[in-house]
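Some notes on the structure that comes next.
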Amino acid sequence: MPRLFLATLLALVGGVPAVAEAQDLPSATLGLGGTNPPERGPRQRSALELGEEALAAGLSATAEELFTQALTQPAPSAEQRARIALGLSAALLERTRPAEAKAALASAPEGPARRLREGLIALLDDQLDEAATIASGLDPTRLPADEIAWGYALRWMIAAAKGDNLELNLNLEASARTATSEEQRQRIEILGYRALVSAGKVYERTVGLLREMTANAKGSPLGFAYARNLALGLARLHDWPALPAGAPETEAYRKEKERVRAARREAVRALADCGPLSPARQAEADLLAGLILGADDAEGRRLLMAAARNGANPAVRLTALRGLVAAAFEATLSERKSVANEVYDFLMKRQGEFAYACPRDPKVLDAIHLARAQVMMLAGNREKARQAAEDLLRDVPASPLAREAHRTLALAYWSEGSYRLAADTLGRLRELTKAPGERDMLAVLTADCLFLAGDYVLAEKAYANAQAEVRDARLAGDACYQRVLSVLAQGKDAALRERAAGLIETSARGARPPELAVTWRNTWNVIDDARQSLRPEEADRLVKRLAPFIASAADDPGFGLRFAWLKALVALGNGQTAATIRLADEIAGRLDRINAGAETAANRELRNQVPELRGHLALLRARTFLGQDAAKGREEFRKLRESQPDSPAAAASFLAEGRYLAGREAHAEAQALFTRLGKDFAGKPGLADFAALGLYEAAEQAVQQSPAEGEAKLKEAVELLELFAEQHGRNPLIVRVTLRRAELLRALGLFDNSYKILDDLIRAHADDPARPQAEMARADSLLGRSELNRDRMGQLDRQRIGLAVAAYQRVCDAYAKDPDTAVEARYKLALALLERAGTETGVDAAASLREARANLVGLLGPLRAEASATPEFTLGGRTWLARAILLLGQIWEKEGNIPEAIAAYQLIPELNRGLKPGEARLPGQAAAESKLATLRRPK
């Protein structure tokens with residue numbers, strides 16, 4: 001039986017108020033316990049009096065809170081303390097919490113009332129002999145009038161445990177006769193049988209007795225109470241079988257489960273046959289029946305739904321809603337989504353135009369919305385989950401479930417990648433949270449969302465606040481670590497790394513310095529960021545600045561090794577051969593000490609990596625020698641590949657040597673090394689990425705040889721890239737490789753092949769950031785295909801060129817988000833329109849020419865704006881912009897509009913005016929000045 005189901009079932013035995021805790025019934029029912037003089041309204045009564053009235057009304061949870069509140073009021077008298085002790089212990093007993101009741105009873109005065117409670121505590125603690133001794137010495141008639149029935153109840157509970165039917169019947173009749181109300185009688189029965197069920201004292205004879213009592217009481221006011229006890233007894237007697245964790249279901253397990261299910265159906269029938277019930281009792285019966293059958297049973301869920309739509313008892317509805325949500329969460333993986341959708345459909349089913357089948361009363365409206373949100377999150381429908389959580393916050397803004405709604409919203413936003421919205425939601429959740437530990441965790445999570453959203457400036461500020469405010473040292477260290485990462489993620493400027501180094505120093509000197517491991521990781525990240533940004537001199541300065549932190553890690557096996565390796569790489573990047581060799585020797589010594597060190601968890605993990613690290617050390621030595629003596633360095637690469645042929649270091653040696661040769665323009669030899677890497681390491685575990693990179697590098701080296709050796713090298717490059725796509729289709733480089741392959745195919749004039757692979761790429765990677773480049777390349781393929789397929793007169797196919805124009809227009813409208821892509825797309829669109837104009841005549845040709853001119857003029861418009869509003873172009877974007885200006889001048893010149901042509905050509909010299917020749921903003925100034933000289937020459 002699932003734990004949540006068992007806990008709910010046992011809580012239900014104590015009556016619905018025990019499930020709902022302090023919100024059992026509206027506060028207006030507290031006055032039902034006794035008369036209240038008109039001159040003393042509810043606000044004038046003490047917490048003690050309110051607690052006694054709540055207890056008399058059966059509201060044990062509310063009574064407990066009020067008695068506890070009364071204890072905290074200033075200076076209660078001895079008499080009041082005695083009343084509080086007796087009342088609080090009674091409330092705790094009714095909720096089956098004997099340990100707490102015993103502690104509360106310590107300050108109660110001696111007397112029959114105290115002995116009664118001690119007897120009940122002993123019974124609930126399964127101390128039958130002690131309870132019997134107390135009961136035999138207790139005269140129920142000496143108890144207060146409203147507790148006499150409890151005295152007889154103690155006796156019949158003991159008789160039931162002993163199996164004494166005569167004593168049971170006598171005291172049961174006396175208890176029923178002396179009960180002050182029907183509610184008290186039911187509470188006595190509930191507690192009695194709850195004691196038996198909780199203690200596991202349910203046997204076949206107990207169930208037989210309950211069957212007889214239920215049959216005799218059928219149709220009477222007590223019929224439901226007896227039927228409820230019979231149902232609970234059957235459920236406890238026939239518990240669900242349990243499988244060991246991870247064990248598969250066996251035939252015997254399935255048979256036992258069916259037997260239990262059949263026995264539990266008898267419990268459901270007992271509840272259904274106990275006679276006509278009031279709506280409130282019917283709700284309770286449906287809820288209990290649904291829980292007994294189990295949430296994995298369709299009939300059980302149907303009964304829970306019946307209880308959830310019964311508006312007579314809001315507390316039962318709340319429990320039923322929680323049971324339905326639990327049904328979805330506890331379903332098997334194969335059925336979880338279908339059960340979640342079933343529950344959601346029930347909650348959303350309409351009954352008429354303005355009502356729901358599950359009524360949305362104000363008392364349960366927030367619970368309905370939350371249940372919708374939770375089951376939809378489970379089903380994977382984040383949109384509906386988000387809508388339900390927003391409905392809760394809109395319809396019931398002051399609901400105690402608002403925190404859970406915010407949590408669900410944040411989870412939905414996080415799951416779909418809307419990290420900025422998740423951060424805002426977590427911020428609101430933190431405002432609603434009082435627990436310091438949870439507030440600290442939410443502060444860090446909010447900053448994490450900002451970091452994932454790419455807003456590194458705000459993330460840095462959020463991490464700084466979290467580092468200063470959180471109480472948990474671990475969370476503060478995490479915030480410090482992420483704060484440094486946020487600074488580094490803001491760009492590759494040296495100033496950012498200097499600021500990050502300053503943060504490390506400031507945090508280490510602060511009142512709450514982070515753990516050394518956090519400081520070491522931050523130090524590593526800052527130095528390595530400079531190294532990977534190809535700033536070896538700056539990395540060397542940072543090594544010297546942060547030397548105290550590096551030195552503090554000298555005795556740590558892991559971080560000491562990492563820092564030694566990092567310093568060696570920095571020295572290698574700066575050409576410090578002697579320092580690199582010295583550090584390589586230090587690394588070798590550290591590896592030896594790791595092998596000879598004590599057997600600890602950290603050492604064991606490092607020891608497993610020592611063989612691979614020795615290979616990388618040999619690679620480091622070979623790269624160092626390569627800078628001194630190329631022959632010696634290449635010989636070291638060869639020795640490494642012979643000694644560790646299948647290691648990552650051997651694969652990396654091909655890359656290092658090949659790139660060295662490529663830098664020396666030995667492209668053929670570099671291609672041979674890269675090809676060997678791509679083919680020899682294909683399919684080897686853990687080395688597929690090296691093989692993929694080898695094929696890509698080999699193709700690039702083949703392209704470098706094509707100007708001298710012709711198209712054969714381009715075809716060879718295409719074949720290598722095709723092999724890459726065949727063997728490494730899931731590699732992160734596949735989009736880049738496919739774009740390059742399409743470019744080479746267009747260079748070979750194979751525009752149809754280029755179009756096909758680009759179309760497949762766009763379909764397979766529709767959301768890739770390189771989608772604009774792929775769309776542009778596909779349009780280039782269409783234009784090239786139209787250029788290639790001319791008729792006998794040399795004219796372009798109008799239909800094909802029209803497809804190219806449409807493709808470029810689509811790129812301009814949908815994908816030209818950055819200035820570089822926009823200027824390239826508009827230039828190529830204008831070029832395609834000019835080609836189309838050549839296939840047209842009359843009005844059509846003039847319209848195409850006018851459209852091409854308008855595209856170019858619109859592209860140049862932003863250049864006339866202020867410098868702050870001018871788009872920022874890269875070198876490639878400036879090249880396309882210069883081409884667009886020259887093309888516009890040619891159009892005006894062809895049309896005979898010399899002043900406009902001169903104005904167009906004049907743009908390039910004007911934009912470059914005042915700059916040094918090497919700093920020209922736009923290329924093509926020489927061509928523009930040549931055109932200007934020609935057009936201004938007098939005829």
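The values are calculated or read from the model by the stated rules, or taken from the named source; none is laboratory data. All of these numbers come straight from a predicted model, not from anything done at the bench. FYI the Cβ positions are ideal-geometry reconstructions off the backbone, even for glycines, and counts take in every protein chain you see. The area values use the complete protein model at the heavy-atom level, side chains included, leaving out ligands, DNA and RNA. Shrake-Rupley method; radii C 1.70, N 1.55, O 1.52, S 1.80 Å.
Among the numbered criteria (1) at pLDDT below 75; (2) surrounded by fewer than 21 Cβ atoms within 10 Å (Cβ to Cβ); (3) touching a helix residue (DSSP H, G or I) at 6+ places or on another chain (Cβ under 7 Å), which single criterion is violated by Val197?
(2)
Given the residues Ala832, Ala825, which is the only one that is closer than 16 Å to Ile801 by Cα, over 44 Å from the mean Cα position of the chain (by Cα) and either at pLDDT 85 or above or surrounded by fewer than 19 Cβ atoms within 10 Å (Cβ to Cβ) (or both)? It would help to see each step written out before you state the result.
Values: Ala825 fails: over 44 Å from the mean Cα position of the chain (by Cα).
Checking each option against the conditions leaves just Ala832.
Could you list, in sequence order, the residues of segment 236-253 that are surrounded by 11 or more Cβ atoms within 10 Å (Cβ to Cβ) and assigned to a helix (DSSP H, G or I)?
Within segment 236-253, Arg236, Leu237, Tyr253 qualify.
Looking at Leu166, Leu92, which one is free of Cβ contacts under 8 Å to residues at least 12 places away in the same chain and out of contact with any strand residue (DSSP E or B) (no Cβ under 7 Å at 6 or more places or on another chain)? Show your work before the answer.
Details: Leu92 fails: free of Cβ contacts under 8 Å to residues at least 12 places away in the same chain.
Exactly one residue qualifies, and that residue is Leu166.
Filter segment 457-469 down to the residues that are among the aromatic types (Phe, Trp, Tyr) and surrounded by fewer than 18 Cβ atoms within 10 Å (Cβ to Cβ) and list them by number.
Matches in segment 457-469: none.
Would you call Asp820 within 22 Å of Ala725 (Cβ to Cβ) and in a helix (DSSP H, G or I)?
Working: within 22 Å of Ala725 (Cβ to Cβ): no; in a helix (DSSP H, G or I): yes.
No, not satisfied.
Out of Leu291, Leu230, I need the residue that is farther than 19 Å from Arg211 by Cβ, assigned to a helix (DSSP H, G or I) and either at pLDDT below 85 or under 40 Å from the mean Cα position of the chain (by Cα) (or both). Which one?
Exactly one residue qualifies, and that residue is Leu291.
Which residue, of Glu657, Glu635, is within 25 Å of Leu723 (Cβ to Cβ) and part of a helix (DSSP H, G or I)? Give the derivation first.
Details: Glu635 fails: within 25 Å of Leu723 (Cβ to Cβ).
Glu657 is the lone residue from the list that is within 25 Å of Leu723 (Cβ to Cβ) and part of a helix (DSSP H, G or I).
Can you name the number of the only condition in (1) surrounded by 19 or more Cβ atoms within 10 Å (Cβ to Cβ); (2) modelled with pLDDT under 90; (3) closer than 28 Å to Leu426 by Cα that Cys358 fails?
That leaves (3) as the condition not met.
Can you pull out every residue in segment 433-453 that is small (Gly, Ala, Ser) and open to solvent by less than 40 Å² (accessible area, probe 1.4 Å)? Let's see the steps before the verdict.
Restricting attention to segment 433-453, the residues satisfying the condition of being small (Gly, Ala, Ser) are 435, 437, 443, 447, 453.
Scanning segment 433-453 gives Ala443, Ala447.
What's the number of the condition Ala270 fails, among (1) at pLDDT below 85; (2) of a type outside the set (Lys, Arg); (3) more than 20 Å from Ala215 (Cα to Cα); (4) not in a loop (DSSP other than H, G, I, E, B)?
Exception for Ala270: condition (3).
Can you tell me which residues in segment 556-583 are closer than 11 Å to Pro536 by Cα and among the charged types (D, E, K, R)?
Passing the criteria: only Lys567.
If I ask for residues that are among the basic types (Lys, Arg), under 17 Å from Asn169 (Cα atoms) and either modelled with pLDDT under 80 or exposed (fewer than 15 other Cβ atoms within 10 Å of the Cβ) (or both), which ones from segment 200-227 would you list?
If we filter segment 200-227 for residues that are among the basic types (Lys, Arg), which is where we start, we get 201, 205, 211, 218.
Filter once more, keeping what is under 17 Å from Asn169 (Cα atoms): 205, 211.
Result: Arg205, single match.
Being of a type outside the set (A, V, I, L, M) and crowded, with 18+ Cβ neighbours inside 10 Å narrows it down to one residue among Gln705, Gln727; which is it? I'd like the intermediate steps shown before the answer.
On the way: Gln727 fails: crowded, with 18+ Cβ neighbours inside 10 Å.
Just one listed residue meets the conditions, Gln705.
Conditions (1) of a type outside the set (A, V, I, L, M); (2) touching a residue at least 12 places away in the same chain (Cβ under 8 Å); (3) within 25 Å of Ala328 (Cβ to Cβ), marked per residue:
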position: Pro248; (1), (2), (3): yes, no, yes
position: Val268; (1), (2), (3): no, yes, yes
position: Cys274; (1), (2), (3): yes, yes, no
position: Ser278; (1), (2), (3): yes, yes, no
position: Gly290; (1), (2), (3): yes, yes, yes
position: Leu293; (1), (2), (3): no, yes, yes
position: Met305; (1), (2), (3): no, yes, yes
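Being surrounded by fewer than 24 Cβ atoms within 10 Å (Cβ to Cβ) and closer than 26 Å to Arg336 by Cα is the filter here, so list the residues in segment 275-291 that pass it.
Step one: of segment 275-291, the residues surrounded by fewer than 24 Cβ atoms within 10 Å (Cβ to Cβ) are 275-282.
Within segment 275-291, no residue meets the criteria.
For (1) in contact with a strand residue (DSSP E or B) (Cβ under 8 Å, 6 or more places away or on another chain); (2) in contact (Cβ under 8 Å) with a residue 24 or more places away in the chain; (3) among the small types (Gly, Ala, Ser); (4) surrounded by fewer than 21 Cβ atoms within 10 Å (Cβ to Cβ), each residue gets a yes or a no:
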site	(1), (2), (3), (4)
Arg471	no, yes, no, yes
Gly477	no, yes, yes, no
Ala511	no, no, yes, yes
Leu516	no, yes, no, yes
Asn522	no, yes, no, no
Lys544	no, no, no, yes
Pro548	no, no, no, yes
Ala554	no, no, yes, yes
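Might you let me know whether segment 499-520 holds any residue that is under 25 Å from the mean Cα position of the chain (by Cα) and aromatic (Phe, Trp, Tyr)?
Filtering segment 499-520 for residues under 25 Å from the mean Cα position of the chain (by Cα) gives 518.
Add one more test, that the residue is aromatic (Phe, Trp, Tyr), and what stays is none.
No, there is no match, as no residue in segment 499-520 is under 25 Å from the mean Cα position of the chain (by Cα) and aromatic (Phe, Trp, Tyr).
For segment 490-507, which residues satisfy the criterion of being open to solvent by less than 40 Å² (accessible area, probe 1.4 Å) and of a type in the set (Gly, Ala, Ser)?
Gly491, Ala494, Ala500, Ala501, Gly502, Ser507
Among the listed residues Ser418, Ser486, which satisfies the condition of being over 16 Å from the mean Cα position of the chain (by Cα), open to solvent by less than 40 Å² (accessible area, probe 1.4 Å) and of a type outside the set (A, V, I, L, M, F, W, C)? Don't jump to the end; show me each part of the working.
Values: Ser418 fails: over 16 Å from the mean Cα position of the chain (by Cα).
Within the list Ser418, Ser486, the selection yields Ser486.
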